Amino acid sequence: MLSRRSSFFACCLLATLLGACSSGSENEPTRAAVDVYAFANGCVSIGTNGGARFVALSESGDAFEVSGSATLEEASRFRMRAADLGVYLLFDEDEQYLVSDGSALQRSSVLESDTNMVGEVVVIDDAFQSEGEWELFAPADGGGRIWLRHLKSGGYLSESGIATERRDADAVELVEQSGCATFPELSVDAEGEVTPKEFDDGSVFGFVETHSHLFTNFGFAGGGMYHGAPFHRLGVEHALPDCTTPHGEEGRKDLLGFSYDGRGSSVQDVLLPLVAGETPGFNHATAGYPDFTFWPNARKSATHQTQYYKWVERAHLAGMRLLVQHAMTMKFLCDTFVALGNKPARFECNDMVSVDRSIEETYKLERYIDAQAGGPGKGWFRIVTSPAEAREVIREGKLAVILGIETSFLFDCFLVPREGFEACDETSVVEKLNEYYDKGVRVLFPNHKFDSAFSAGDGDKNFIDIGNFALTGHWSNFVECSEELRELPAVFDKGNLSFPGINMPREVYDSTPPEWDGVRDYADDPIGTLINYLDELTSGGSGDGEYCQNAGLTPLGEILIEEMMKRGMVIEIDHLPRLAYQRAFEMLVENDYPAVCTHGNNNDGLLYELGGVSKANFGRCRSATESATLDDGYQARIQLMRDKGAFPAEGFGFDFNGFAGAPAPRFGDDANCASPQEDRVTYPFTSYAGDITFQEPVAGNRRFDFNTEGMVHLGLVAELIEDVRRDGVSDEDLEPLFKSAEGYLRMWEKAEQRGALLSGAE
């Protein structure tokens, strides 16, 4: 509600707009429903009893009270920071929160966290409810009045503090004020508004990010192995805090980051910390908001958030109009670190549990952004379930988000069924496909890293070999690649054996696992399990050569792909090993069905002939003798698409938060350019569309230098594109990038059309 002085006119106007402007009496109009979302980021004082009382500081100053003596000028001023739709944090002018213990109104400089240290143990409260969240409650029987309901206790703000029942509390009045504190938040460092536009041929404007993992923090049982969230309802201080709690002092408990980021360079370097529970010395700086001394850093740290929602928004301002959000997790890593006591678990390590939470959190992020924008549907982040819906969203200048899944044991379809799970069959696969289709999922990887009921693992080696053995009881199943398979381009299924001693190719892929009884308890005792196989893991002679998986798609894997086709879903095939990849393309060709390869493969252009989509990137070193060379590789892919009769447009597939690295800098100590570079990115600069002006990117107290640091988070895609333009690449040459959202939608539309025919819907 507005102030006392304007409430009559506001009510009458709103009621008129709603077609309900009638008077209960000559002097008082009927109250209209209150828009509880419209107060987001507003500055108000809280009154009760018709403005006779206001929430103000107590005499001691360390609490609040509903005071009958405080004037409007003396009342506390609160910034209403949306935590959810209709739910607010009340942040006063001294940067303190209005909180409650369920009885009194209190004042606090910080809000409790859902993750805390109890002694030396990290404890996560997955049912956490903050003491500082207040719902604007406007019941249907409230006559247009509102109450403040304290979510944690369920009570209502009242003159006495908190009343258990609404009947014992007064309705509140929110009086517009000025002088409120600014709630802590990261900036986008850009000015202007997105101007919806299309190309002359009717193509939607914007580029696609085909492969993203916003919620890796909810993978691996959500226990802090991956630190930092893309949002938190309590704000950036909770989304991107110091990582000491999960990663330990000096980051020494971040064993995954230690091994993956190259600081542990040998097997011994990695195994000893696993046993000890921490690295032997300094691993990484831990400071999060506001200092960010080490992270985010997509190039050098695989275990810290790089896609906070403000960075996603900055990418959107740079022209990103379509994003594929894959729920991603890995049971083996979760089992290992949780069992060793290195990481806590928010929930169980099962892959599909993590997938479900990631999907749930993506919808919550949509709600959160809507809440900041003032109500449902008003935000710039929109989850879509059809290409038609995506086109509508993009034409509104918003970001269309597609839900996908990238995990090894999709639908809990294990190669070796686990206790409590039935073996998957056609009926259960169809049921699960329908279930996740109903949840909004439209993109699936049939397989990821490990052997499943659908396919052999993708052929990646190193620790994946150990994981596959621990998860299935089968020895590795690699053979030297046939000449036919060597002709197939591969992403993962290639190269030397990592552990020749556990490579024992089998004739029948799903035969009885010889060591299942020996490894089935791996999740309870990883070290104790593997030590029994130390001889095998450390022996076997040379593994040099070109080795491929000795298996591909299973009959159930073919059924999965067939059923995805019938639903017009988008099929991701870059994580299939060569035999499975070959069979998948046979099925695609037979059905004239497109697919996507967002790790960069295109099967020598066959993918494009079918109407499929891959991903591209720009070169990272400028030619010493000529300009406009940073997109040479990109233009070669575009020409291949033209040669294959495809729509010539290709977007990105950064795989941020997916242990994939990021574009490097061209200047400074981290550059790997052989010749001196020119044309640094400077500020301000204007977006490709010409509607946004970008300033130097900052995060709290840290300034980012794209020229010397590279693309450390997604928001710096603005600088990546500008870097190419500074090199002399023309806007005309970049047009295929900004038509890549259109290219993805055309692929998806063809998938839907073919699906309708295959399912008999047309």
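So how many Å³ per residue does the convex hull of the Cα atoms of the range 378-429 work out to? Mind showing how you got there, number by number?
Details: hull volume 6.5 nm³, N = 52.
Measuring per residue, one finds 124 Å³ for the Cα hull of the range 378-429.
Can you give me the orientation-averaged projected area of the convex hull built on the Cα atoms of the range 386-540, in nm²?
12.6 nm²
Along the charge dipole of the chain, Cβ charges K/R +1 and D/E -1, which of 69, 557, 134 sits furthest on the positive end?
Selected residue: 69.
So what's the net charge close to residue 96: Lys and Arg +1, Asp and Glu -1, counting the other residues with Cβ under 12 Å from its Cβ? Before the final figure, lay out the partial values.
On the way: positive: 77, 79, 107; negative: 62, 92, 93, 94, 95.
My count for the surroundings of residue 96 gives -2.
As an exercise, find the ratio Rg/Rh for the range 463-597 from alpha-carbon atoms, using the Kirkwood inverse-distance average for Rh.
A ratio of 1.02.
List, in the order given, every pair from 331/432; 615/750; 152/378; 343/439; 310/439; 310/331 whose Cα-Cα distance in the structure shown is over 23 Å.
Pairs exceeding 23 Å: 152/378; 343/439; 310/439; 310/331.
Determine, at each q value in 0.27 (inverse angstroms), the log₁₀ of I(q)/I(0) that the Debye formula gives when each Cα of the range 52-100 is one equal point scatterer.
-1.05
Considering only 316, 241, 262, whose Cα is most displaced toward the positive end of the charge dipole of the range 173-331, charges sitting on Cβ of Lys, Arg (+1) and Asp, Glu (-1)?
Looking along the dipole axis, the top candidate is 262.
Amide H to amide H under 5 Å from residue 320: which residues, 5+ apart in sequence or cross-chain, H placed 1.01 Å off N in plane?
207
Among 202, 78, 371, whose Cα lies farthest out toward the positive end of the dipole of the chain, if unit charges sit on the beta carbon of Lys, Arg (+1) and Asp, Glu (-1)?
78
Of all the Cα-Cα pairs you can form in the range 33-176, what percent are over 18 Å apart? Provide the component values of the computation, followed by the final result.
Values: 5671 of 10296 pairs.
In whole percent, the long-distance tail amounts to 55.
Under 15 Å from a point placed 7 Å out from the Cα of residue 546 along the Cα-to-Cβ direction: which residues of the range 493-507 have their backbone N that close?
Under 15 Å, as judged by backbone N against the label point of residue 546, lie 493-497 of the range 493-507.
Can you work out the Karplus-derived ³J(HN,Hα) for every residue in the range 358-368? Use 6.51 cos²θ - 1.76 cosθ + 1.60 with θ = phi - 60°, whole Hz, and x for glycine or proline.
4, 4, 4, 5, 5, 5, 5, 5, 4, 4, 4
Can you work out the base-10 log of I(q)/I(0) for the chain at q = 0.06 1/Å, using the Debye formula on its C-alpha atoms alone?
With no solvent term, the Cα-only Debye profile gives -0.41.
What length, rounded to one decimal in nm, is gained on full extension from residue 125 through to residue 674, with 0.36 nm per residue of separation minus their alpha-carbon distance?
Between residue 125 and residue 674, full extension yields 192.6 nm more.
Just subtract the alpha-carbon distance of residue 626 and residue 348 from 0.36 nm times their residue separation and send over the number in nm, one decimal.
Answer, rounded to one decimal: 94.6 nm.
About its Cα centre, what dipole magnitude does the range 611-762 give when the only charges are +1 on Lys and Arg Cβ and -1 on Asp and Glu Cβ, stated in debye to the nearest 20?
Rounded to the nearest 20 debye, it is 380 debye.
Let me spell out the model: positive unit charges on the Cβ of Lys and Arg, negative unit charges on the Cβ of Asp and Glu, origin at the Cα centre of the range 457-551. What dipole size does that give, in debye rounded to 20?
Computed charge dipole of the range 457-551: roughly 80 debye.
What is the sum of charges around residue 58, taking Lys and Arg as +1, Asp and Glu as -1, for the other residues whose C-beta is under 10 Å from the C-beta of residue 58?
Details: positive: 107; negative: 59, 62, 65.
My count for the surroundings of residue 58 gives -2.
If you plug each phi of the range 630-644 into the Karplus form 6.51 cos²θ - 1.76 cosθ + 1.60 with θ = phi - 60°, what whole-Hz ³J(HN,Hα) values come out, in order, with x for Gly and Pro?
Along the range 630-644, the couplings run 5, 10, 4, x, 4, 5, 5, 5, 5, 5, 4, 5, 4, 4, 8 Hz.
Of the GluC sites (Glu not before Pro) in the range 37-101, which ones lie in a loop per DSSP and count no more than 16 other C-beta atoms within 10 Å?
Working: sites: 59, 65, 73, 74, 93, 95; in loops: 59, 73, 74, 93, 95.
Here the sparse-neighbourhood loop sites are 59, 73, 74, 93, 95.
If you fit an axis through the alpha-carbon atoms of helix 717-726 and take the longest principal axis of the Cα set of the chain, what angle between them do you get, 0 to 90°, nearest 10?
The answer is roughly 70 degrees.
Okay, which of the range 188-228 sit inside 17 Å, backbone N to the point 7 Å along the Cα-Cβ direction of residue 703?
Answer for the range 188-228: 188-190.
Treating only the Cβ atoms of Lys and Arg (+1) and Asp and Glu (-1) as charged, compute the dipole magnitude of the chain about its Cα centre; round to the nearest 20 debye.
Its charge dipole is roughly 1200 debye.
What is the packing order of peptides 658-665, 621-628, taking the mean over residues of other C-beta atoms within 10 Å and listing the highest first?
For the peptides 658-665, 621-628, the packing ranking is 658-665, 621-628.
Using the Karplus equation 6.51 cos²θ - 1.76 cosθ + 1.60 (θ = phi - 60°), what ³J(HN,Hα) coupling, rounded to whole Hz, does each residue of the range 587-598 give in order, writing x for Gly and Pro?
So the J values, rounded to whole Hz, are 5, 5, 5, 4, 9, 6, 10, x, 9, 10, 10, 8.
Loop-only check: which GluC sites (Glu not before Pro) in the range 666-751 are DSSP coil with at most 15 other Cβ within 10 angstrom?
678
Semi-axes of the equivalent ellipsoid for the range 251-401, please: Cα gyration tensor eigenvalues, times 5, square-rooted, ordered largest first, whole Å. It would help to have the intermediate numbers written out before the result.
Values: eigenvalues 255, 67, 36 Å².
Taking √(5λ) for each Cα gyration eigenvalue gives 36, 18, 13 Å.
Give the angle, between 0 and 90 degrees and rounded to the nearest 10, that separates the Cα long axis of helix 555-566 from the longest principal axis of the Cα atoms of the chain.
50 degrees
Could you check the spin-label model distance between residue 504 and residue 385? Points 7 Å from the Cα along Cα→Cβ, value in nm.
4.8 nm
As a check on your grasp of the helix formula, calculate [θ] at 222 nm for the chain: sum -39500 (n - 2.57) over DSSP H runs of n ≥ 4, divide by the residue count, round to the nearest 500.
Working: 23 runs with 209 residues, N = 762.
Counting only the DSSP helices, I get -8000 deg cm²/dmol.
By the scheme Lys and Arg +1, Asp and Glu -1, what is the net charge of all other residues having a beta-carbon under 10 Å from that of residue 663?
The answer is +1.
A short reminder: the numbers here are calculations on the coordinates, not readings from a lab. Predicted model, so just to flag it, every value in this text is computed and none were measured. Using ideal geometry, Cβ is built from the backbone for each residue, glycine included, and neighbour counts are taken over all protein chains shown.
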